[in-house]
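Asks: Below you'll find the structure I mean.
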Amino acid sequence: MTQPTSQSSALSVQDLVDTAAGELAGINDTESLEAWRVAYLGRRGRLTLFLRGLAQLDLEERRVAGAMGNQAKGRLEELLDERSKSIREAQLTRSASEDRLDVTLPGRPLVSGRLHPTTQIVREICNAFMTMGFSVVEGPEVETDHYNFEMLNIPLGHPARDMWNTLWVDQQNEDGQYPLLLRTHTSPMQARVMESTRPPVRVVVPGKCYRYEATDATHEWHFYQVEGLAVDEGITFADLKGTLFEFARRLFGSDRKVRFRCDYFPFVEPGVDMSIDCFACDGEGSGCRICRDSGWIEIMGAGMVHPKVLAGVGYDPEKYTGFAFGLGPERIAMLKYGIEDIRLFYSNDLRFLSQF
Ligand code: PHE
C-alpha cells in the first residue's frame, strides 16, 4: 500500500463530500437524516475516521490535509443543517394541509386561578392587624353552646340569644339544652383563646359563621367574620378607638373619619358600633346610595370585654381589661368594591369571581 499524501487525501475527501451530499439530497425524513449524520459525522463516521487517519501523515502533509478535512466537516454540517430545516418545513406544510391542524397558531393561554374575593379581603384585614401586633388564630365552626353563648355572658333563656338565629347540630337534650351548634359568630374564640393563654392577648380570628336566616342582598346564612381581642393591664377605650381608627384608615384611606355609637352585645361593656364616614360621598349623605343618605357606614361591633367574660376564663377583672371587635369581611368587600349583593360571594359565578 502506498503511503497516503495530502494530494491523495484531497481527492478522497472531495469524493466523500460529493457522495455524502448526493445521499443527503435523497433524504426526506428525520430518521434517515440521523442515520446519514451518524454515517458521516458520527464517532465512527466516514469523515471522522478520515480525519483520524491523517495522524499517519507527516507534519507538513497533515497540516494541509487537516485544513481540508475540517473544511469538509464544516461543509457537511452546513448541508445537514439546511436539509434538516427543509425537512422540518416540509413536515409543517404537510401537517398543515393533511392534518388540518394549524401548527403555527399560538397556544391556548393557560387560565390561572386566583384567590376568592373573600379570602383576599380576609387576608387584607388580618394583615392590617398583624402589622399592629396581633396574631392570627382559627377555631372550630361546629361549636358548643358553652362557648358560643354561655362564656359570652349569654345564659340559656337570655333574650339576647335571639340576636343570633342559630343552626343547631344536636337535638335538644333532656335538660332543654342544645349542646352543639354552628357558631353564629367568631366571638366564642375569645374565651377559647383566653383559656389557653395568659395576658397580654392580641389576636384576630378569621372564620366562617352560620345563621338560620333567609337570604337577601345583604344577608347570607353563611358568611365570614374577623374577631379581634386585646387584653392586658391598663387597656382602655382609647386603645380600642386608636386601633380601630388605624384599621379603618388602612382599609378605606387615610382621610376617613370614624364614629362610635352605643350598641348592645352581652359580652362587652360598654358596647359600640363603629362607622366610617362614607367614602363614596365623603360624608355628604344626601342622595348617596352607598350610605343611604346618612353619610356614615357601619362596619363593625366592638366594646370593652365584659368583666364577667374575663372572670369566666379566670382572668382577674380588677387587674386586666381589654377590648373586642367583630367585623364582616364580605360587608367590607361590598363597601370597598361596590358589590351590591352578598349572595354573589357564594354563588360561584366566574363572571363575578374573575373580576378580583
Ligand atoms: N359577635 C358580634 C356579632 O356577631 C360582634 C362583636 C364582636 C361585637 C366583638 C362586639 C365585640 O354580632
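The values are calculated or read from the model by the stated rules, or taken from the named source; none is laboratory data. Everything numeric in this text was worked out from a predicted model, so none of it was measured. Neighbour counts are summed over all protein chains in view; Cβ atoms, including those assigned to glycine, are modelled from backbone coordinates with ideal geometry. When the accessible area is computed, the model is the full protein with side chains, heavy atoms only, and any ligands, DNA or RNA have been set aside. Shrake-Rupley method; radii C 1.70, N 1.55, O 1.52, S 1.80 Å.
Asks: Sorted by mean Cβ packing within 10 Å, highest first, what order do the peptides 221-229, 306-314 take? Write down the numbers at each step before the final one.
Replies: On the way: 221-229: 21.4, 306-314: 17.3.
The densest-packed peptide leads the list: 221-229, 306-314.
Asks: Now a separate question. Shape verdict for the chain, please, from the Cα gyration tensor: rounded (a/c under 1.5), prolate (a/b greater than b/c) or oblate. Before the final figure, lay out each step's value.
Replies: Numbers: a/c = 3.75, a/b = 3.27, b/c = 1.15.
Because a/c hits 1.5 or more and a/b exceeds b/c, the chain counts as prolate.
Asks: Among PRO307, SER294, MET163, whose Cα lies farthest out toward the positive end of the dipole of the chain, if unit charges sit on the beta carbon of Lys, Arg (+1) and Asp, Glu (-1)?
Replies: So the residue furthest toward the plus end is SER294.
Asks: Quick check on region 157-311: take the gyration tensor over C-alpha atoms, sort the square-rooted eigenvalues as a ≥ b ≥ c, and tell me if it's rounded (a/c under 1.5), prolate or oblate. Could you put the intermediate results ahead of the total?
Replies: Numbers: a/c = 2.24, a/b = 1.31, b/c = 1.71.
Verdict is oblate for region 157-311.
Asks: Over region 1-105, what relative contact order in percent results from Cα pairs under 8 Å that are six or more residues apart?
Replies: Working: 66 pairs, mean separation 33.2, N = 105.
Reported as a whole number, the value is 32 percent.
Asks: Going through the DSSP H helices of the chain, which span 27 Å or more along their own axis at the Cα atoms while scoring at least -0.5 as a mean Kyte-Doolittle hydropathy? Can you show the working numbers first?
Replies: Working: long enough: 6-25 (28 Å, 0.26); 59-98 (57 Å, -0.99).
Within the chain the helices that satisfy the rule are 6-25.
Asks: Go through LYS208/LYS336; LYS241/LYS308; LYS208/LYS257 and tell me which ones have a Cα-Cα distance over 25 Å in this structure.
Replies: Values: LYS208/LYS336 20 Å; LYS241/LYS308 22 Å; LYS208/LYS257 29 Å.
Checking Cα-Cα distances, LYS208/LYS257 exceed 25 Å.
Asks: Still on this structure: Quote the relative contact order of the chain in percent (integer), defining contacts as alpha-carbon pairs under 8 Å separated by 6+ residues. Don't skip to the end; give the middle numbers.
Replies: Details: 537 pairs, mean separation 48.3, N = 356.
Relative contact order, the chain: 14 percent.
Asks: While we're on this one: Pop a pseudo-label 7 angstrom from the Cα along the beta-carbon direction at both ARG123 and LYS319 and give the gap in nm to one decimal.
Replies: 4.0 nm
Asks: May I pose another question? What is the distance in Å between the Cα centroid of region 98-133 and that of region 288-323?
Replies: 36 Å
Asks: Distance between the C-alpha centers of region 6-85 and region 178-246? Whole Å please.
Replies: Between the Cα centre of region 6-85 and that of region 178-246, the gap is 81 Å.
Asks: What nm value, rounded to one decimal, do you get for the distance between HIS116 and ALA96 when each label is placed 7 Å out toward the C-beta?
Replies: Modelled inter-label distance: 4.7 nm.
Asks: Which of rounded, prolate or oblate describes region 28-175 when judged by the alpha-carbon gyration tensor and an a/c cut-off of 1.5? If you can, show how the numbers build up before the last one.
Replies: On the way: a/c = 5.23, a/b = 3.43, b/c = 1.52.
Because a/c hits 1.5 or more and a/b exceeds b/c, region 28-175 counts as prolate.
Asks: Also, I was wondering about something else. Could you order the peptides 124-133, 317-326 from most to least packed, using the average number of other C-beta atoms within 10 Å per residue?
Replies: Numbers: 124-133: 16.2, 317-326: 19.6.
Top to bottom by mean Cβ count within 10 Å: 317-326, 124-133.
Asks: Given the chain, what percent of its DSSP beta bridges are antiparallel, to the nearest 5?
Replies: On the way: 42 of 44 bridges.
The answer is about 95 percent antiparallel.
Asks: What's the ranking of 26-37, 234-245 by average number of surrounding C-beta atoms within 10 Å, highest first? It would help to have the intermediate numbers written out before the result.
Replies: Details: 26-37: 13.9, 234-245: 16.2.
With the highest mean Cβ count within 10 Å placed first, the list reads 234-245, 26-37.
Asks: Would you pull out the residues with amide H under 5 Å of VAL268's amide H, same chain only if 5 or more places away, H placed 1.01 Å from N?
Replies: HIS306
Asks: Additional query: What figure, in Å² to the nearest 10, do you get for the accessible area of VAL258 with a 1.4 Å probe and non-protein molecules left out?
Replies: 40 Å²
Asks: For ALA67 paired with THR131, estimate the spin-label separation in nm (one decimal), with each label point 7 Å from Cα along the Cα-to-Cβ line.
Replies: 7.2 nm
Asks: Over the heavy atoms of ASP341, what accessible area does a 1.4 Å probe trace out, to the nearest 10 Å²?
Replies: Rounded to the nearest 10, the figure is 40 Å².
Asks: Quote the relative contact order of region 237-349 in percent (integer), defining contacts as alpha-carbon pairs under 8 Å separated by 6+ residues.
Replies: Numbers: 171 pairs, mean separation 22.0, N = 113.
It comes to 19 percent, rounded to a whole number.
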